Amino acid sequence: MKQRIKNEGYCLGIESTADDFSVGIVSFNGEILANIISAYVPPEGGIHPREAARHHAEVADAVLKEAFEKAGIKPQDLMVVAFAQGPGLGPCLRTGATVARALASYLRVPLVGVNHCVAHIEIGKLKTGAKDPLTLYVSGGNTIVSAFNSGRYRVFGETLDIALGNCLDVFAREAGLRPKPGEPLGALVEKLAAKAKIFIPLPYTVKGMDLSFSGLLTAAVSLLKSGKYHVEDICYSLQETAFAMVTEVTERALAHTEKREVLLTGGVAANRRLQEMVECIAKEHEARFCAVPSAFAIDNGAMIAWTGTLAFNHGLTTPIEESYVKLRWRLEEVEVPWVGRMTQ
Ligand code: AMP
Ligand code: MG
(Lines give C-alpha, C1' and ligand atoms only; values in the text may rest on other atoms or scores of the structure.)
(Ligands and ions follow the chains in the order given, each with its own letter.)
Protein backbone atom coordinates (compact mmCIF):
# COMPACT_ATOMS: atom_id res chain seq x y z
CA MET A 1 0.00 0.00 0.00
CA LYS A 2 1.31 3.45 -0.99
CA GLN A 3 1.90 5.88 1.88
CA ARG A 4 -0.42 8.90 1.83
CA ILE A 5 -0.74 11.89 4.10
CA LYS A 6 -3.41 11.19 6.66
CA ASN A 7 -6.47 13.42 6.83
CA GLU A 8 -6.05 14.73 3.31
CA GLY A 9 -9.64 15.02 2.12
CA TYR A 10 -10.89 11.92 0.30
CA CYS A 11 -14.35 11.02 -0.82
CA LEU A 12 -15.46 7.50 -1.70
CA GLY A 13 -18.31 7.21 -4.21
CA ILE A 14 -20.56 4.23 -4.90
CA GLU A 15 -22.34 3.81 -8.24
CA SER A 16 -25.01 1.09 -8.52
CA THR A 17 -27.87 2.56 -10.57
CA ALA A 18 -28.07 -0.28 -13.12
CA ASP A 19 -25.78 -3.09 -14.30
CA ASP A 20 -22.49 -1.76 -12.88
CA PHE A 21 -21.29 -1.74 -9.29
CA SER A 22 -18.41 0.67 -8.98
CA VAL A 23 -16.36 2.34 -6.26
CA GLY A 24 -14.29 5.45 -6.89
CA ILE A 25 -12.02 7.36 -4.53
CA VAL A 26 -11.08 10.97 -5.25
CA SER A 27 -9.27 13.73 -3.43
CA PHE A 28 -10.92 17.10 -2.91
CA ASN A 29 -8.71 18.66 -5.57
CA GLY A 30 -10.00 16.27 -8.23
CA GLU A 31 -7.31 13.61 -8.28
CA ILE A 32 -8.86 10.23 -9.05
CA LEU A 33 -7.10 7.62 -6.94
CA ALA A 34 -9.27 4.62 -7.79
CA ASN A 35 -12.18 3.77 -10.07
CA ILE A 36 -13.04 0.07 -9.89
CA ILE A 37 -15.99 -1.17 -11.96
CA SER A 38 -17.63 -4.59 -11.78
CA ALA A 39 -20.20 -5.09 -14.57
CA TYR A 40 -23.09 -7.51 -14.27
CA VAL A 41 -23.45 -9.53 -17.45
CA PRO A 42 -26.77 -11.41 -17.63
CA PRO A 43 -26.41 -15.03 -18.86
CA GLU A 44 -28.96 -14.10 -21.55
CA GLY A 45 -31.41 -11.29 -22.35
CA GLY A 46 -31.54 -7.85 -20.73
CA ILE A 47 -30.81 -6.74 -17.16
CA HIS A 48 -33.11 -8.12 -14.49
CA PRO A 49 -32.97 -5.54 -11.65
CA ARG A 50 -32.98 -8.10 -8.82
CA GLU A 51 -30.33 -10.26 -10.48
CA ALA A 52 -28.14 -7.19 -11.01
CA ALA A 53 -28.69 -6.15 -7.37
CA ARG A 54 -27.61 -9.62 -6.23
CA HIS A 55 -24.43 -9.23 -8.27
CA HIS A 56 -23.79 -5.84 -6.62
CA ALA A 57 -24.24 -7.30 -3.11
CA GLU A 58 -21.90 -10.20 -3.94
CA VAL A 59 -19.06 -8.06 -5.33
CA ALA A 60 -19.38 -5.01 -3.02
CA ASP A 61 -16.83 -6.23 -0.50
CA ALA A 62 -14.17 -7.14 -3.08
CA VAL A 63 -14.68 -3.94 -5.11
CA LEU A 64 -14.35 -1.77 -1.98
CA LYS A 65 -11.20 -3.61 -0.93
CA GLU A 66 -9.66 -3.24 -4.39
CA ALA A 67 -10.51 0.48 -4.46
CA PHE A 68 -8.80 1.12 -1.10
CA GLU A 69 -5.74 -0.88 -2.22
CA LYS A 70 -5.53 0.97 -5.54
CA ALA A 71 -5.95 4.37 -3.85
CA GLY A 72 -3.41 3.53 -1.16
CA ILE A 73 -5.59 4.84 1.64
CA LYS A 74 -7.42 3.32 4.60
CA PRO A 75 -11.17 3.65 5.27
CA GLN A 76 -10.33 5.94 8.20
CA ASP A 77 -8.80 8.44 5.74
CA LEU A 78 -12.21 9.17 4.20
CA MET A 79 -13.87 12.47 4.94
CA VAL A 80 -17.16 11.71 3.22
CA VAL A 81 -19.03 8.84 1.54
CA ALA A 82 -21.15 9.56 -1.55
CA PHE A 83 -23.58 7.28 -3.36
CA ALA A 84 -25.80 7.42 -6.42
CA GLN A 85 -29.23 8.10 -4.92
CA GLY A 86 -31.04 8.01 -8.29
CA PRO A 87 -32.33 7.82 -10.93
CA GLY A 88 -32.03 4.09 -11.58
CA LEU A 89 -33.33 0.61 -10.88
CA GLY A 90 -34.77 0.25 -7.35
CA PRO A 91 -33.08 -2.97 -6.18
CA CYS A 92 -29.70 -1.87 -7.61
CA LEU A 93 -29.90 1.61 -6.06
CA ARG A 94 -30.90 0.17 -2.66
CA THR A 95 -27.91 -2.18 -2.60
CA GLY A 96 -25.46 0.68 -3.21
CA ALA A 97 -27.25 2.92 -0.70
CA THR A 98 -27.08 0.20 1.97
CA VAL A 99 -23.33 -0.22 1.49
CA ALA A 100 -22.84 3.58 1.61
CA ARG A 101 -24.92 4.01 4.77
CA ALA A 102 -23.09 1.19 6.53
CA LEU A 103 -19.69 2.60 5.63
CA ALA A 104 -20.56 6.21 6.57
CA SER A 105 -22.14 5.17 9.89
CA TYR A 106 -19.22 2.91 10.81
CA LEU A 107 -16.65 5.61 9.98
CA ARG A 108 -18.85 8.39 11.45
CA VAL A 109 -18.47 10.54 8.33
CA PRO A 110 -21.20 12.43 6.41
CA LEU A 111 -23.15 10.79 3.63
CA VAL A 112 -23.93 12.57 0.35
CA GLY A 113 -26.64 11.37 -2.04
CA VAL A 114 -25.63 12.21 -5.61
CA ASN A 115 -27.78 12.46 -8.74
CA HIS A 116 -26.36 10.05 -11.33
CA CYS A 117 -27.00 12.39 -14.31
CA VAL A 118 -25.36 15.38 -12.58
CA ALA A 119 -22.37 13.13 -11.85
CA HIS A 120 -21.97 12.28 -15.56
CA ILE A 121 -21.83 16.00 -16.36
CA GLU A 122 -19.45 16.89 -13.50
CA ILE A 123 -16.92 14.14 -14.27
CA GLY A 124 -17.09 15.20 -17.93
CA LYS A 125 -16.21 18.76 -16.95
CA LEU A 126 -13.40 17.57 -14.67
CA LYS A 127 -11.83 15.27 -17.27
CA THR A 128 -12.13 17.60 -20.31
CA GLY A 129 -11.72 20.99 -18.66
CA ALA A 130 -15.13 22.12 -19.96
CA LYS A 131 -16.55 24.93 -17.82
CA ASP A 132 -20.12 25.47 -18.97
CA PRO A 133 -20.99 22.94 -21.67
CA LEU A 134 -24.09 21.90 -23.50
CA THR A 135 -24.14 18.18 -22.68
CA LEU A 136 -25.38 15.22 -24.71
CA TYR A 137 -25.61 12.33 -22.26
CA VAL A 138 -26.34 9.02 -23.99
CA SER A 139 -26.21 5.73 -22.13
CA GLY A 140 -28.01 2.43 -21.56
CA GLY A 141 -30.61 4.13 -19.37
CA ASN A 142 -30.64 7.82 -20.33
CA THR A 143 -30.71 10.14 -23.35
CA ILE A 144 -30.61 13.78 -22.26
CA VAL A 145 -29.58 17.10 -23.80
CA SER A 146 -28.86 19.50 -20.98
CA ALA A 147 -27.18 22.78 -20.04
CA PHE A 148 -26.81 24.92 -16.94
CA ASN A 149 -29.21 27.86 -16.68
CA SER A 150 -30.53 29.85 -13.70
CA GLY A 151 -29.15 27.64 -10.96
CA ARG A 152 -29.94 24.20 -12.38
CA TYR A 153 -28.97 21.79 -15.14
CA ARG A 154 -31.99 22.21 -17.42
CA VAL A 155 -33.24 19.46 -19.70
CA PHE A 156 -33.62 20.77 -23.26
CA GLY A 157 -34.48 17.44 -24.84
CA GLU A 158 -34.78 13.81 -23.80
CA THR A 159 -36.11 10.45 -24.87
CA LEU A 160 -39.82 9.85 -24.49
CA ASP A 161 -39.36 6.07 -24.35
CA ILE A 162 -36.20 3.94 -24.39
CA ALA A 163 -32.62 5.23 -24.17
CA LEU A 164 -30.30 5.28 -27.19
CA GLY A 165 -27.93 2.68 -25.67
CA ASN A 166 -30.85 0.42 -24.84
CA CYS A 167 -32.08 0.68 -28.44
CA LEU A 168 -28.66 -0.48 -29.74
CA ASP A 169 -28.39 -3.24 -27.11
CA VAL A 170 -31.84 -4.71 -27.78
CA PHE A 171 -31.19 -4.66 -31.53
CA ALA A 172 -27.83 -6.41 -31.02
CA ARG A 173 -29.46 -9.12 -28.92
CA GLU A 174 -32.24 -9.61 -31.50
CA ALA A 175 -29.53 -9.98 -34.16
CA GLY A 176 -27.86 -12.66 -32.01
CA LEU A 177 -24.60 -10.69 -31.76
CA ARG A 178 -22.23 -12.24 -29.21
CA PRO A 179 -19.85 -9.79 -27.53
CA LYS A 180 -16.45 -10.84 -26.20
CA PRO A 181 -16.19 -10.59 -22.39
CA GLY A 182 -16.24 -6.92 -21.43
CA GLU A 183 -17.27 -5.78 -24.92
CA PRO A 184 -20.42 -3.61 -24.96
CA LEU A 185 -23.18 -4.60 -27.41
CA GLY A 186 -23.21 -1.06 -28.81
CA ALA A 187 -19.53 -1.43 -29.75
CA LEU A 188 -20.41 -4.57 -31.75
CA VAL A 189 -23.09 -2.65 -33.65
CA GLU A 190 -20.46 0.01 -34.38
CA LYS A 191 -18.02 -2.60 -35.74
CA LEU A 192 -20.60 -4.13 -38.07
CA ALA A 193 -21.85 -0.69 -39.21
CA ALA A 194 -18.32 0.08 -40.44
CA LYS A 195 -18.67 -2.75 -43.00
CA ALA A 196 -22.01 -1.57 -44.44
CA LYS A 197 -22.59 -0.98 -48.16
CA ILE A 198 -26.04 0.62 -48.26
CA PHE A 199 -28.26 2.90 -46.16
CA ILE A 200 -31.84 1.73 -45.57
CA PRO A 201 -34.29 4.50 -44.57
CA LEU A 202 -35.76 4.01 -41.07
CA PRO A 203 -38.27 6.00 -38.96
CA TYR A 204 -36.71 9.26 -37.75
CA THR A 205 -38.64 10.50 -34.71
CA VAL A 206 -37.91 13.90 -33.21
CA LYS A 207 -40.91 15.48 -31.48
CA GLY A 208 -40.18 19.11 -30.72
CA MET A 209 -36.96 18.76 -28.71
CA ASP A 210 -37.70 15.20 -27.57
CA LEU A 211 -36.77 11.87 -29.08
CA SER A 212 -38.35 8.47 -29.53
CA PHE A 213 -36.38 5.32 -30.34
CA SER A 214 -38.95 2.54 -29.93
CA GLY A 215 -40.43 2.83 -33.46
CA LEU A 216 -36.93 2.91 -34.92
CA LEU A 217 -35.98 -0.21 -32.97
CA THR A 218 -39.12 -2.08 -34.06
CA ALA A 219 -38.48 -1.13 -37.70
CA ALA A 220 -34.82 -2.22 -37.52
CA VAL A 221 -35.80 -5.56 -35.95
CA SER A 222 -38.41 -6.20 -38.63
CA LEU A 223 -35.81 -5.55 -41.36
CA LEU A 224 -33.66 -8.13 -39.62
CA LYS A 225 -36.47 -10.67 -39.49
CA SER A 226 -37.42 -10.08 -43.13
CA GLY A 227 -34.11 -11.72 -44.05
CA LYS A 228 -33.78 -9.33 -47.01
CA TYR A 229 -30.87 -7.24 -45.71
CA HIS A 230 -27.35 -7.76 -44.42
CA VAL A 231 -27.03 -7.16 -40.67
CA GLU A 232 -24.13 -4.75 -41.37
CA ASP A 233 -26.42 -2.50 -43.46
CA ILE A 234 -29.13 -2.51 -40.78
CA CYS A 235 -26.56 -1.67 -38.05
CA TYR A 236 -25.29 1.21 -40.15
CA SER A 237 -28.79 2.53 -40.91
CA LEU A 238 -29.85 2.23 -37.29
CA GLN A 239 -26.76 4.12 -36.10
CA GLU A 240 -27.01 6.84 -38.75
CA THR A 241 -30.69 7.45 -38.02
CA ALA A 242 -30.48 7.37 -34.20
CA PHE A 243 -27.30 9.47 -34.08
CA ALA A 244 -28.70 12.04 -36.53
CA MET A 245 -31.74 12.39 -34.25
CA VAL A 246 -29.70 13.11 -31.10
CA THR A 247 -27.34 15.37 -33.04
CA GLU A 248 -30.24 17.43 -34.41
CA VAL A 249 -31.63 18.07 -30.93
CA THR A 250 -28.14 18.86 -29.61
CA GLU A 251 -27.56 21.36 -32.40
CA ARG A 252 -30.85 23.15 -31.76
CA ALA A 253 -30.11 23.37 -28.03
CA LEU A 254 -26.63 24.68 -28.87
CA ALA A 255 -28.04 27.38 -31.16
CA HIS A 256 -30.53 28.37 -28.46
CA THR A 257 -28.16 28.40 -25.46
CA GLU A 258 -25.11 29.70 -27.36
CA LYS A 259 -22.82 27.64 -25.13
CA ARG A 260 -19.15 27.59 -26.18
CA GLU A 261 -18.56 23.88 -25.38
CA VAL A 262 -20.32 20.63 -26.28
CA LEU A 263 -19.75 17.69 -23.94
CA LEU A 264 -20.50 14.13 -25.05
CA THR A 265 -20.84 11.61 -22.23
CA GLY A 266 -22.43 8.27 -21.24
CA GLY A 267 -21.50 4.78 -22.53
CA VAL A 268 -22.58 5.52 -26.13
CA ALA A 269 -20.10 8.44 -26.21
CA ALA A 270 -17.43 5.84 -27.02
CA ASN A 271 -18.91 5.52 -30.52
CA ARG A 272 -16.61 7.13 -33.12
CA ARG A 273 -19.41 7.89 -35.57
CA LEU A 274 -21.46 9.68 -32.92
CA GLN A 275 -18.36 11.64 -31.87
CA GLU A 276 -17.81 12.65 -35.50
CA MET A 277 -21.40 13.91 -35.92
CA VAL A 278 -21.45 15.88 -32.66
CA GLU A 279 -18.00 17.31 -33.33
CA CYS A 280 -19.24 18.50 -36.72
CA ILE A 281 -22.13 20.55 -35.28
CA ALA A 282 -19.89 21.87 -32.48
CA LYS A 283 -17.46 23.20 -35.12
CA GLU A 284 -20.26 24.82 -37.11
CA HIS A 285 -21.29 26.75 -34.00
CA GLU A 286 -17.68 27.52 -33.06
CA ALA A 287 -17.99 25.54 -29.84
CA ARG A 288 -15.25 23.30 -28.41
CA PHE A 289 -16.07 19.58 -28.69
CA CYS A 290 -15.27 17.57 -25.54
CA ALA A 291 -15.66 13.78 -25.37
CA VAL A 292 -15.25 12.17 -21.95
CA PRO A 293 -12.62 9.36 -21.92
CA SER A 294 -14.53 6.07 -21.99
CA ALA A 295 -13.45 4.90 -18.48
CA PHE A 296 -15.33 7.93 -17.13
CA ALA A 297 -18.11 8.05 -19.74
CA ILE A 298 -19.60 4.73 -18.61
CA ASP A 299 -21.20 4.38 -15.19
CA ASN A 300 -18.40 4.72 -12.63
CA GLY A 301 -17.83 5.40 -8.95
CA ALA A 302 -15.29 8.20 -9.50
CA MET A 303 -18.01 10.47 -10.93
CA ILE A 304 -20.14 9.92 -7.82
CA ALA A 305 -17.16 10.57 -5.53
CA TRP A 306 -16.19 13.76 -7.41
CA THR A 307 -19.75 15.13 -7.35
CA GLY A 308 -19.88 14.18 -3.66
CA THR A 309 -16.89 16.46 -2.96
CA LEU A 310 -18.54 19.37 -4.84
CA ALA A 311 -21.78 18.97 -2.86
CA PHE A 312 -19.97 18.46 0.45
CA ASN A 313 -17.86 21.59 -0.13
CA HIS A 314 -21.13 23.52 -0.46
CA GLY A 315 -22.57 22.13 2.75
CA LEU A 316 -24.87 19.62 1.09
CA THR A 317 -25.01 16.33 2.99
CA THR A 318 -27.75 13.70 3.23
CA PRO A 319 -28.88 12.60 6.71
CA ILE A 320 -29.38 8.82 6.89
CA GLU A 321 -33.15 9.28 7.37
CA GLU A 322 -33.30 11.17 4.04
CA SER A 323 -31.07 8.75 2.16
CA TYR A 324 -33.90 6.72 0.60
CA VAL A 325 -33.35 6.11 -3.10
CA LYS A 326 -35.11 8.20 -5.75
CA LEU A 327 -35.89 6.05 -8.77
CA ARG A 328 -37.06 8.95 -10.96
CA TRP A 329 -34.91 11.80 -9.65
CA ARG A 330 -34.83 14.31 -12.51
CA LEU A 331 -31.77 16.32 -13.40
CA GLU A 332 -33.45 19.73 -13.11
CA GLU A 333 -34.67 18.97 -9.56
CA VAL A 334 -31.11 18.91 -8.25
CA GLU A 335 -29.48 21.81 -6.42
CA VAL A 336 -26.03 22.47 -7.88
CA PRO A 337 -24.77 25.57 -6.00
CA TRP A 338 -21.16 24.92 -7.04
CA VAL A 339 -21.93 25.41 -10.74
CA GLY A 340 -23.21 28.97 -10.53
CA ARG A 341 -19.94 30.04 -8.96
CA MET A 342 -17.85 28.55 -11.69
CA THR A 343 -19.87 29.74 -14.68
CA GLN A 344 -21.40 33.11 -13.83
P1 AMP B 1 -23.67 3.16 -19.42
O2 AMP B 1 -25.18 2.97 -19.36
O3 AMP B 1 -23.24 4.58 -19.35
O4 AMP B 1 -22.92 2.26 -18.48
O5 AMP B 1 -23.24 2.69 -20.90
C6 AMP B 1 -23.58 1.46 -21.46
C7 AMP B 1 -24.18 1.66 -22.84
O8 AMP B 1 -23.19 2.18 -23.75
C9 AMP B 1 -24.68 0.36 -23.44
O10 AMP B 1 -25.93 0.59 -24.03
C11 AMP B 1 -23.60 0.05 -24.49
O12 AMP B 1 -24.06 -0.75 -25.57
C13 AMP B 1 -23.25 1.45 -24.96
N14 AMP B 1 -21.96 1.49 -25.68
C15 AMP B 1 -20.72 1.23 -25.21
N16 AMP B 1 -19.78 1.37 -26.19
C17 AMP B 1 -20.48 1.74 -27.31
C18 AMP B 1 -20.08 2.05 -28.68
N19 AMP B 1 -18.82 1.99 -29.07
N20 AMP B 1 -21.07 2.40 -29.53
C21 AMP B 1 -22.35 2.48 -29.13
N22 AMP B 1 -22.77 2.20 -27.89
C23 AMP B 1 -21.85 1.83 -26.99
MG1 MG C 1 -23.91 0.62 -17.23
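Those residues that are assigned to a helix (DSSP H, G or I) and open to solvent by 30 Å² or more (accessible area, probe 1.4 Å), I need them from the range 44-58; list them, please. Reasoning before the result, please.
Here is the first cut: in the range 44-58, the residues assigned to a helix (DSSP H, G or I) are 49-58.
If the condition is that a residue be assigned to a helix (DSSP H, G or I) and open to solvent by 30 Å² or more (accessible area, probe 1.4 Å), then Pro49, Arg50, Glu51, Arg54, Ala57, Glu58 are the ones that fit.
Quick check on the range 136-148. Is at least one of its residues more than 9 Å from ligand 1 (Cβ to nearest atom) and over 19 Å from Glu261 (Cβ atoms)? Outline the logic, then answer.
Filtering the range 136-148 for residues more than 9 Å from ligand 1 (Cβ to nearest atom) gives 136, 143-148.
Checking which are over 19 Å from Glu261 (Cβ atoms) leaves us with 143.
Yes, the range 136-148 has at least one match.
When you scan the range 281-289, do you find a residue that is out of contact with any Ser or Thr (no Cβ under 7 Å at 6 or more places or on another chain) and assigned to a strand (DSSP E or B), even just one?
Our first condition is that a residue be out of contact with any Ser or Thr (no Cβ under 7 Å at 6 or more places or on another chain); within the range 281-289, this holds for 282-289.
The next check asks that each one be assigned to a strand (DSSP E or B); those that pass are 288-289.
Looking through the range 281-289, at least one residue is out of contact with any Ser or Thr (no Cβ under 7 Å at 6 or more places or on another chain) and assigned to a strand (DSSP E or B).
Does the range 179-186 contain at least one residue that is among the basic types (Lys, Arg), more than 15 Å from ligand 2 (Cβ to nearest atom) and modelled with pLDDT under 95? Checking the range 179-186: at least one residue is among the basic types (Lys, Arg), more than 15 Å from ligand 2 (Cβ to nearest atom) and modelled with pLDDT under 95. Touching a Pro at 6+ places or on another chain (Cβ under 7 Å), within 16 Å of ligand 2 (Cβ to nearest atom) and within 30 Å of Met79 (Cα to Cα): does that describe His120? It is false that His120 is touching a Pro at 6+ places or on another chain (Cβ under 7 Å), within 16 Å of ligand 2 (Cβ to nearest atom) and within 30 Å of Met79 (Cα to Cα). With the condition kept exactly as written, say whether any residue in the range 69-77 is touching a residue at least 60 places away in the same chain (Cβ under 8 Å), in contact with a strand residue (DSSP E or B) (Cβ under 8 Å, 6 or more places away or on another chain) and buried (at least 21 other Cβ atoms within 10 Å of the Cβ). There is at least one residue in the range 69-77 that is touching a residue at least 60 places away in the same chain (Cβ under 8 Å), in contact with a strand residue (DSSP E or B) (Cβ under 8 Å, 6 or more places away or on another chain) and buried (at least 21 other Cβ atoms within 10 Å of the Cβ). Taking the criterion of being more than 16 Å from ligand 1 (Cβ to nearest atom), small (Gly, Ala, Ser) and open to solvent by less than 10 Å² (accessible area, probe 1.4 Å), the only residue of the range 282-298 that qualifies is Ala282.
Residues in the range 142-155 that are part of a loop (DSSP other than H, G, I, E, B) and within 16 Å of ligand 2 (Cβ to nearest atom): Asn142 alone. Collect the residues in the range 99-141 that are open to solvent by 10 Å² or more (accessible area, probe 1.4 Å), in a helix (DSSP H, G or I) and in contact (Cβ under 8 Å) with a residue 40 or more places away in the chain, keeping them in residue-number order. Those that are open to solvent by 10 Å² or more (accessible area, probe 1.4 Å), in a helix (DSSP H, G or I) and in contact (Cβ under 8 Å) with a residue 40 or more places away in the chain: Val99, Arg101, Leu103, Ser105, Lys125, Leu126, Lys127, Thr128.
Would it be correct to say that Ala130 is farther than 19 Å from Ala270 by Cα and more than 15 Å from ligand 2 (Cβ to nearest atom)? Judged against the criteria, Ala130 is not a match.
Conditions tested, residue by residue: (1) of a type in the set (A, V, I, L, M, F, W, C); (2) without any contact (Cβ under 8 Å) to a residue 40 or more places away in the chain; (3) more than 16 Å from ligand 2 (Cβ to nearest atom).
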residue	(1), (2), (3)
Tyr204	no, no, yes
Tyr229	no, yes, yes
Ile234	yes, no, yes
Met245	yes, no, yes
Val249	yes, no, yes
Arg252	no, no, yes
Thr257	no, no, yes
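Pairs linking a residue in the range 158-181 that is farther than 20 Å from Tyr40 by Cβ and within 13 Å of ligand 1 (Cβ to nearest atom) to a residue that is of a type in the set (Phe, Trp, Tyr) and not in a loop (DSSP other than H, G, I, E, B), with Cβ atoms under 9 Å and 6 or more positions apart or on different chains, are Leu164/Phe243. The set of residues in the range 299-318 being buried (at least 20 other Cβ atoms within 10 Å of the Cβ) and not in a helix (DSSP H, G or I) consists of Asp299, Asn300, Thr318. Per this entry, Val41 is counted among residues that are within 23 Å of the chain's Cα centre (by Cα), assigned to a loop (DSSP other than H, G, I, E, B) and β-branched (Val, Ile, Thr). When Glu279, Glu248, Glu261, Glu321 are checked against the criterion of being more than 12 Å from ligand 1 (Cβ to nearest atom), at negative phi, in contact with a helix residue (DSSP H, G or I) (Cβ under 9 Å, 6 or more places away or on another chain) and open to solvent by 30 Å² or more (accessible area, probe 1.4 Å), a single residue qualifies: Glu248.
The values are calculated or read from the model by the stated rules, or taken from the named source; none is laboratory data. If you're wondering where the values come from, they're calculated on a predicted model, not measured in any experiment. Don't worry about glycine lacking a Cβ; one is built from the backbone with ideal geometry, like all the others, and counts go over all protein chains shown. Surface areas here come from the heavy atoms of the whole protein model, side chains and all, with no ligands, DNA or RNA. Shrake-Rupley method; radii C 1.70, N 1.55, O 1.52, S 1.80 Å.
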